Amino acid sequence: MVEINSYDDLVAAANEAAQRFAAKIDSAISVNELMEIEPGIKGKKSAFVEFRKFLGRLEPDERPSAGAIVQEIVSNLNQAFDTKFQALKEIERKISLQEDRLDLTEVIAGLAGSPVGMRGKLHPVTQAREKLEDTFLGMGFSVEEGPEIETDWFNFEALNIPPSHPARGMWDTFYLDIGEPETILLRTHTSPVQVRVMMTQKPPIYSVMPGRCFRRDTPDARHLAVFHQIEGLVIDKGITFASLAGTIDRFTTAYFGPNIHARLRPAYFPFTEPSAEFEINCTICEGHGCRTCSNTGWIELGGCGMVDPNVFLAVGIDPEEWSGFAFGFGIDRLVQMRYSLPDIRVLIENDLRHSMSSRYN
Amino acid sequence: MRVPLTWLQEFTPLSLEYEELGVVFDSLGLVVASITRVGEGLDGVVVSKVLEIEPIKGADKIRKVTVDTGLGITEIVCGANNFAVGDFVPMATVGAVLPGGFEIKARKMKGVASNGMLCSSTELGLGEDSSGLMILGSGSNGLEIGLPIKEALGIVNECVFDLETEGNRPDALSIAGVARDVAAKLKLPFLLDSLPRLSSSNDSTFMPSVVIESPELCSRFSAQVLTDVKVEASDARISRRLIQCGMRPINSLVDASNYVMLEIGQPTHPYDFDLLNAKTLKVRSAWVGETLETLDGVTRVLGESVKGVTDETGDAVICDGSDKVIGIAGIMGGASSEISDSTTTVVLEAAYFDPMAIARTSRRIGLRSEASQRFERGVDPMALELAQERYAYLIGAKGSARLASPVVIAGQKKVEPKKIRVRPNRVNTILGTNLSSSEITPILNSLGFETLGTDTTEDFEVSIPTFRPDAEREIDVIEEIARIIGYQEISPTQVYSPKVGRLSAFQEMVRKIRQVFVGLGSNEIWTNTLVAPNEQESFGVIGENISASRPLTKDESVLRRTLLLGLVNTYRKNALNNLGEARFFEIGHIFFHPKDVLGDLKLNDGQSEQFEIEKLRPYESERVSSIFALAGDDAKSAVEALYALLAEFSISEVKIVPIDKATVDQEHGYNRSTNLSLTEISSQLYFGGPTWHPMEPPQINSTVANIFSGGLHPARSGFIVTEKNEVIGVVGEIDPEITADFSKGRVGYLDIDLNGLFALGSSPSRYQSISRFPIAETDLAFVVDESVASEDIRKAIVDLTGEIAKRIYLFDVYRDASLGSGKKSLAYRLILSDPFKTLTDEDVAVIRDTVIKGVGEMFKASLRGV
């Protein structure tokens, strides 16, 4: 370092140091390199500390001017240093993030694109069942369940279907080899749950009964011998056929959406009178007509009707005081419709390739 | 029931388009399954003659055919090869639109112009044969070239509705019955009374004798004789209609009987009068073992009961004066008295048979006929006379027979119509309508229900016509009113539940359980409740089978006692698709044979006596089971899942008892572990009491206690036991032998009774304040015998530590020869907290000493490293 003896020397030395450090800052290409320069600018032993010390040896009238010059140089350098530091740090952070790169598509996606093992799926029938339950819960209904093995009385007799009644032909029944022949059976519908509810609860009753049922039908693309059903039962004062029609329509709209409505047409069931089949607008074409609904715009969903007075008498409810309606339909069939399943038997295959891609809305 | 429109129009003046009529049928509950339009699409189809057939170069499936169409000679490319030069075949000319909407256009194939199409019977909607062209003849039978095909074949335009009629509507199994409904709906006249008939003759030469021996099987029985009959082919209209209704024309005598049945719903049966002994027709109950060869050539054994069918009354049979059976009443006639070409005198039987008797016999001998279907549902007992007179007209009016006797009737002279009181107020209460009696009565009258007013009230009496046996009560009449008004015409109203819709606590729990398993990566499945007979035993799950009486297949004939089977089979199936690494769960019912339950099922206190019948019903339990077969899964995965499940419901009070250390308590049905230093366990297998179950949870026979542990790895599985020593499930690993054929890996298994779990976690816990003072932590490692269960030591530490124990858990297991043979080291972490003060080192030291001493004494445990 040149010896400083005068104001001019000081200014010259300061300028020279300023240029030297500015060049170093400028040429630094890493934070580390920059940090090596730092003591020379900001350190206790830096030249600029010396320059400041020398100020005291100048004439008093020279001091403000020289001080200002040194101060400006230091300030400029610090600013240049800090700017460069931030810039290098940012560059290095970016480089380091780049080096940290992860190809997200390398993550093992699991079989058939599904995160197997991370989260399972509910069976489509359960998804539909829960959604049905929720819809009815929203309408103020309770959910009732019952046994899958039933006695002939609960499954048939209490429902106005005495032994040898021709209507028994409507249900091919699995009887069990227990007790007297044809006394114990696998329930053919969830209607016996209605009987249980009527026997154990006092009206008003607003309930749905979902559950597994059994019919001795050879399975085909549209039928399963073991299947699921949901039924509904409303008993109150002043319940009419008109309220049945209104409730079915309200449920249909609530469940399928505002464009889907229901209509009733006469039918026969031993446990309801008057009885009806209910049809809904085809959910595929919303009633315009398509292949699914054979261009009719309507799809048959289930059966319903006013509870037959004989059923009320069997469970000890006065049919003159109370009236009510019941309805029911297959959950599996609903799922088949929803997914456009060509063959309903897919539902019991439990093939992961299906269940992983199923989405019930 | 198939209904040709022109036939229907004989009973009511219909002028609707067929599409509109279809809607009317639907609205009446006569659902239209299909509509067939005969003769549609035949305009522009003419008779043509094949003049020449030539091959086409470069084509082996089609040929060039030159035909004479009557208007000229033209060339057509044709793919059929069942015809020859000179044949007369139907040709669709250019511009014709065939049934199904196919339009014929002129076109070119392989450079050959084709100006029309030669047709098969299928293409014309005239038959089922699509194997080749419809050959009309080969010239000699008077066919005129160029004649429209409809004219040439005498085809009459017809629209046939195939209606699905409900089982309670016997009247709708006839043209007249359908017409009555339609006429009522459309407010048109119903013309049954103007149907031509031929009524009784006073000739007594041929007077038949009719006898009812079993009035419980037949309440009315009639016969009438026609002589000088000509057995010939029926006229075209009758044959056509029979075919359109799905029946086969046979001869004029038989066809007329079938025609009457289709027309008015009353089956009749013609016998060759000369073949009957003593001119007598008799109804009686069949003798046991009696046989008859029916018209279809099968020999039927009568009078025998079949398992499961209550034999209240016998089979009704028709016999002659010598008591020889000549027909199975209401189902099918016998071959011996069949009408033949040599028949000259015929006796027609028309009867009312008991519907239940016909249904029973039909089911017992496995034979259904058009007649039996009608009798089963209940025909009109007062229609016998009409059927006889109508038959006489069809045969006799054209001189093909001479009526030779009056209609002779045995049994009830008249069946009085039932009278029912109908309250318009009740009608409106049920339907939600506002109808007056003056609006209701015309509706009922139009259906044949006569109404009689009363002086005092709006109420009136209704006389139920005998052709409507389904209408027995006021409510049935109300349905008729609704049907004719139209369900669509009843304006929907809304009812609102006065209740709050909510799931029961149990149902909420089940939903949470599903989410826990789904969160653990388990896929929900549902498998068949019916399984193969020995399959469960092959899994080591013993017990008494509950079998279906008549299963569809042997593989689905026994009720499941475990969900394990379905889960493993699903796992196997997916593994064979290379999707074996997965977890599956199922929530469902399992069933126990009464023989496997100790004692009789008992009703819960306060249950209605009507549930007595329930004692017959096998007990069922609702469970959740899951298998864990991801890579790396084993019993630990199942135990972790158990803890996840318990954490969801904040349940801590269960323990796991190794299944091979649980011995069976003969008295109580479950197990106690003599190896455990716990107080005596007198557990019973727990079957929860579902809300719907009116039974007390039963105890299960000890010998089948392994219903739950069967199929599991004996040294890597345990019972899940509550503080009350009830077994609510199992957790562990599946016996490797079960999965050995498709998987080498370990498979975890968890199975819990939902009601058992519910009993533990259903009541909400109460707030417990959290200590403001810091926690203290200390570790203790004990060396014990391998036989000591880790959980027992943990429980002991909890007890010894007392109230300040916040969390005590096993954090390390160590095995090493240096510990001594048959020994293991179990390290526990004690997290301690006192609600009122900071625990000092001295406090902790006192606790350590207590635990070390206590555990040391109870389990012969020594502190490791001491």
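Every number in this text was worked out from the coordinates using simple rules, so none of it is lab data. Values in this document were obtained by computation on a predicted structure and should not be read as measured data. Backbone-built Cβ (ideal geometry, glycine too); neighbour counts: all protein chains shown.
Observations on the structure shown:
- When Rg and the Kirkwood radius Rh are both evaluated on Cα atoms of region B:112-247, their ratio Rg/Rh stands at 1.10.
- Neighbour-limited loop hits for trypsin sites (Lys or Arg not before Pro), region B:757-804 (at most 10 other Cβ within 10 Å; DSSP other than H, G, I, E, B): B:766, B:772
- Computed from the Cβ-Cβ distance with R0 of 45 Å, the FRET efficiency linking residue B:831 to residue A:78 stands at 0.25.
- Stokes-Einstein diffusion coefficient of region A:124-360, Kirkwood radius over Cα pairs, 20 °C, 1.002 mPa s, in µm²/s: 116 µm²/s
- Separation of the residue B:459 and residue A:42 label points, Cα + 7 Å toward Cβ, nm: 10.6 nm
- Over chain B, Cα pairs under 8 Å with separation of 6+ residues give a relative contact order of 8 percent.
- Rough spin-label spacing in nm, given labels placed 7 Å along Cα→Cβ, for residue B:322 and residue B:452: 5.1 nm
- Between the alpha-carbon centres of region A:314-329 and region B:448-510 there is a gap of 11 Å.
- Extension gain, residue B:110 to residue B:643: 0.36 nm times the residue separation minus the Cα-Cα distance gives 184.2 nm.
- Peptide B:427-434 has a mean shielding of 5, counted as Cβ atoms of other protein chains within 10 Å of each residue's Cβ.
- The mean count of C-beta atoms from other chains within 10 Å of the C-beta of residues in A:260-269, rounded to a whole number, is 6.
- For the protein assembly as shown, taking a cut-off of 4.7 Å between Cβ atoms, the unpaired cysteines are A:213, A:304, B:78, B:119, B:159, B:218, B:245, B:319.
- Residue of A:157, A:50, A:144 that the Gaussian network model of chain A assigns the largest fluctuation, springs spanning Cα pairs under 10 Å: A:50
- Sparse-neighbourhood loop sites, GluC sites (Glu not before Pro) in region B:95-158 - DSSP loop, at most 16 other Cβ within 10 angstrom: B:128, B:144
- Förster radius 30 Å - calculated FRET efficiency between residue B:636 and residue B:857, Cβ distance, rounded to 0.05: 0.45
- Positive-end ranking of B:345, B:165, B:497 along the dipole of the protein assembly as shown, with charges on Cβ about the Cα centre, is headed by B:497.
- The mean number of partner chain beta-carbon atoms within 10 angstrom of a residue's beta-carbon across peptide B:161-170 is 3.
- Within region B:762-866, the proportion of Cα pairs with more than 16 Å between them is 59 percent.
- Full extension of the chain between residue B:512 and residue B:494 gives 3.2 nm of extra length, using 0.36 nm per residue less the Cα-Cα distance.
- For region B:833-866, trypsin sites (Lys or Arg not before Pro) meeting the loop criterion (DSSP other than H, G, I, E, B) and having at most 13 other Cβ atoms within 10 Å: B:837, B:860.
- Using Cβ point charges alone (K and R +1, D and E -1), the dipole size of region B:27-112 about the Cα centre works out to roughly 340 debye.
- Every helix of 4 or more DSSP H residues in the protein assembly as shown counts as -39500 (n - 2.57), and over all residues that averages to -9000 deg cm²/dmol at 222 nm.
- Spacing of the modelled spin labels on residue B:233 and residue B:344, each 7 Å from Cα toward Cβ, amounts to 2.6 nm.
- Region B:141-189 and region A:3-44 have Cα centres separated by 113 Å.
- Residues of region A:154-193 with amide N under 18 Å of the 7 Å Cα→Cβ point at residue B:615: A:154, A:178-181, A:183-184
- Sequence ranges B:648-656, B:529-537, ranked by mean other-Cβ count within 10 angstrom, highest first: B:529-537, B:648-656
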